[in-house]
Amino acid sequence: QVQFVESGGGLVQPGGSLRLSCTVSRSIYNFDAMGWYRQAPGKERELVARITTGRTTTYLDSVKGRFTISRDSVKNTVYLQMNSLKPEDTAFYFCNTAAGIQYAWGQGTQVTVSS
């Protein structure tokens, strides 16, 4: 089994920034790609950003130019730097694999963008 522990969320004003971290219980070299997902109340979970072992990144259109995903394979950690946050970014954020098998979801971290 693989476990994900997300952290770094919080309450931030529109235009603010947050950096999310996801620590994985297994070496992330085991996975072809890792991703950050989010789920807002009443909506389905969606993939926000994805990074492969070769560090190729892809993003949801609505976050392009504002969010940056990165990975530290030594620390088995995946990061999501979020800038210029908007109220519509409010959601629970989770990480998981983004290719092949997915594992049980972690607790996630709440991001609230509000003035």
Check: What do you get for Rg/Rh over the chain if you use C-alpha atoms and the Kirkwood form of Rh?
Finding: 0.94
Notebook entry, point to check: Once you put a point 7 Å from the Cα of residue 64 and another 7 Å from the Cα of residue 114, both along the Cβ direction, what distance in nm separates them?
Noted result: 3.1 nm
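Tell me the per residue accessible area of the chain using a 1.4 Å probe; a whole number in Å² is fine.
Values: 6030 Å² over 115 residues.
Counting only protein heavy atoms, the per-residue value for the chain is 52 Å².
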Item checked: Contour excess over end-to-end distance, with Cα ends at residue 45 and residue 74 and 0.36 nm allotted per residue -> 7.6 nm
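Lys and Arg at +1, Asp and Glu at -1: add these up for the other residues within a Cβ distance under 14 Å of residue 59 and post the number.
Values: positive: 38, 50, 55, 64, 66; negative: 46, 61, 89.
Cβ neighbours under 14 Å give a net charge of +2.
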Notebook entry, point to check: Which of the peptides 27-40, 54-67 is most tightly packed, and how do the rest follow, going by the mean number of other Cβ atoms within 10 Å of each residue?
Noted result: 27-40, 54-67
Notebook entry, point to check: Among residues other than residue 21 whose Cβ falls under 13 Å from its Cβ, what is the net charge (Lys/Arg +1, Asp/Glu -1)?
Noted result: +1
Check: Thinking of region 1-52 as a set of Cα atoms, what percent of all their pairs are more than 18 Å apart?
Finding: 45 percent
Margin query: Computing the accessible area with a 1.4 Å probe over protein heavy atoms, can you report the carbon and sulfur percentage for the chain?
Written below: 47 percent
Checklist line | Calculated SAXS-style log₁₀ I(q)/I(0) at q = 0.17, 0.23, 0.27 Å⁻¹ - region 67-115, Debye, Cα scatterers | finding: -0.65, -1.03, -1.18
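The values are calculated or read from the model by the stated rules, or taken from the named source; none is laboratory data. Computed from a prediction, not measured in an experiment: that's the story for all the values here. Cβ coordinates were reconstructed from backbone atoms using ideal geometry, including for glycine residues, and neighbour counts include every protein chain displayed. Note: accessible area is taken over every heavy atom of the protein model, side chains too, but ligands, DNA and RNA are not part of it. Shrake-Rupley method; radii C 1.70, N 1.55, O 1.52, S 1.80 Å.
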